[in-house]
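One structure below.
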Amino acid sequence: MNVYMYLVDELLIDCGPSRLRKEIINFLSKESYTQIILTHHHEDHTGNAPIVPSSIPIYIHPKGVPLCRTRPHLPLYRRVFWGSRKPFETKGIEHQIKTKHHTFDLLHTPGHAPDHLALLEKDQGWLFTGDLYVMSHPKSIFAFESIPDVIQSLQKVLLYDFDTVFCSHAGILHNGRNRLEEKLDYLLSIQAQVLQKYNDGKPVSAIQKELFPDRHVLNYFSLFENSSKHIITSILNRGATHQ
Ligand SMILES: [Zn+2]
């Protein structure tokens, strides 16, 4: 999986995983950045934050502040993929961040992580989406993710005008708005199918077999922290809390 960080007008968006520290330090040594914003607290976005000079402020959604202050208990496969991450201090931010030439509205977009932010630059039609998109047709998700929350977050960002999406794993998407709409349509359809099958009396294991018959190598590597089952349970759990 690729990982992207963005530098716009001296604002660094995410810091990359500690596994790529050498390359990232090498890149940043030739660039100028005066502030950092983290789209969320996960180690592939924050792994190099602990080595940033203390004169440079690091911002994150307020829910991320305590998450960055503690050392995460990462499963082995995530430590191997991305490297671990030491605790570090951040400043909570919720509404807007400005640079010399741009204003970014911050959109709280939970679902992948509770502190997830997307950054909207209205004048340019840019949306920095962190891990909100990544792919349009996910067949499995992590145990900590919620499909109903991702649906709400996609609906929230799609209320705004933008064309270009800057994704942390898929890169720059010039038809980004369509890709986000495609993901929303897919998740709404999956949600409807899961609820229909559940109402027909089918157990989670049967729904999983019918909708997602194939397993992905990441499912096994992650010891099923990543699994299609979490798509189904996150939809059914939300249904239960709403009843
Ligand atoms: Zn993440």
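Can you pull out the residues in segment 125-165 that are within 19 Å of ASP105 (Cα to Cα), polar (S, T, N, Q) and in contact (Cβ under 8 Å) with a residue 40 or more places away in the chain?
THR129, GLN152, SER153, THR164
Please state which one of LYS197, LYS183 is under 25 Å from LEU236 (Cβ atoms) and within 16 Å of the ligand (Cβ to nearest atom).
Result: LYS183 is the single residue among LYS197, LYS183 that is under 25 Å from LEU236 (Cβ atoms) and within 16 Å of the ligand (Cβ to nearest atom).
Assuming ILE190 fulfils every condition listed in (1) aliphatic (A, V, I, L, M); (2) more than 17 Å from THR39 (Cα to Cα); (3) in contact with a strand residue (DSSP E or B) (Cβ under 7 Å, 6 or more places away or on another chain) apart from one, which condition is it?
(3)
Which pairs turn up if I take residues in segment 77-102 that are part of a loop (DSSP other than H, G, I, E, B) and modelled with pLDDT of 90 or more and look for partners that are crowded, with 17+ Cβ neighbours inside 10 Å and β-branched (Val, Ile, Thr) with beta carbon separation below 6 Å, at least 6 apart in sequence or on another chain?
What qualifies is ARG85/THR46; THR90/ILE58; THR90/ILE60; THR90/VAL65.
Output the number of residues of segment 9-35 satisfying the condition of being away from the ligand (no atom under 16 Å from the Cβ) and closer than 18 Å to LYS98 by Cβ. Walk me through how you get there before you give the answer.
We begin by selecting, within segment 9-35, every residue away from the ligand (no atom under 16 Å from the Cβ); these are 9-12, 21-35.
Going one step further and asking which of them are closer than 18 Å to LYS98 by Cβ, we end up with 9-12, 32-35.
Adding up the residues that qualify gives 8.
Tell me, please, whether a residue that is farther than 17 Å from ASN2 by Cβ, touching a strand residue (DSSP E or B) at 6+ places or on another chain (Cβ under 6 Å), away from the ligand (no atom under 16 Å from the Cβ) and assigned to a helix (DSSP H, G or I) can be found in segment 43-50.
Checking segment 43-50: not a single residue is farther than 17 Å from ASN2 by Cβ, touching a strand residue (DSSP E or B) at 6+ places or on another chain (Cβ under 6 Å), away from the ligand (no atom under 16 Å from the Cβ) and assigned to a helix (DSSP H, G or I).
State whether the residues of segment 147-164 include one that is crowded, with 19+ Cβ neighbours inside 10 Å, within 12 Å of the chain's Cα centre (by Cα) and assigned to a loop (DSSP other than H, G, I, E, B).
Looking through segment 147-164, none of the residues is crowded, with 19+ Cβ neighbours inside 10 Å, within 12 Å of the chain's Cα centre (by Cα) and assigned to a loop (DSSP other than H, G, I, E, B).
Give the residues of segment 54-76 that are over 18 Å from the mean Cα position of the chain (by Cα) and either among the acidic types (Asp, Glu) or within 21 Å of TYR4 (Cα to Cα) (or both), sorted by residue number.
Residues satisfying the conditions are ILE56, PRO57.
List every residue pair whose Cβ atoms sit under 9 Å apart, with the two residues 6 or more apart in sequence or on different chains, where the first one lies in segment 21-49 and is free of Cβ contacts under 8 Å to residues at least 12 places away in the same chain and the second, anywhere, is within 16 Å of the ligand (Cβ to nearest atom) and among the hydrophobic types (A, V, I, L, M, F, W, C).
Here the result reads PHE27/MET5, each pair linking segment 21-49 to a residue that is within 16 Å of the ligand (Cβ to nearest atom) and among the hydrophobic types (A, V, I, L, M, F, W, C).
Has segment 127-141 got at least one residue that is within 15 Å of HIS41 (Cα to Cα), assigned to a loop (DSSP other than H, G, I, E, B) and within 16 Å of the ligand (Cβ to nearest atom)?
yes
Pull out all pairs, ordered by first then second residue, where Cβ-Cβ is under 8 Å, the residues are six or more apart or on different chains, the first lies in segment 166-177 and is assigned to a helix (DSSP H, G or I), and the second is within 13 Å of the ligand (Cβ to nearest atom).
Filtered contacts from segment 166-177: GLY176/THR129; GLY176/TYR133; GLY176/CYS167.
The values are calculated or read from the model by the stated rules, or taken from the named source; none is laboratory data. The model shown is predicted, which means the values in this text are computed figures rather than measured ones. Counting neighbours? That spans all protein chains shown, and the Cβs are built from the backbone with ideal geometry, glycine included.
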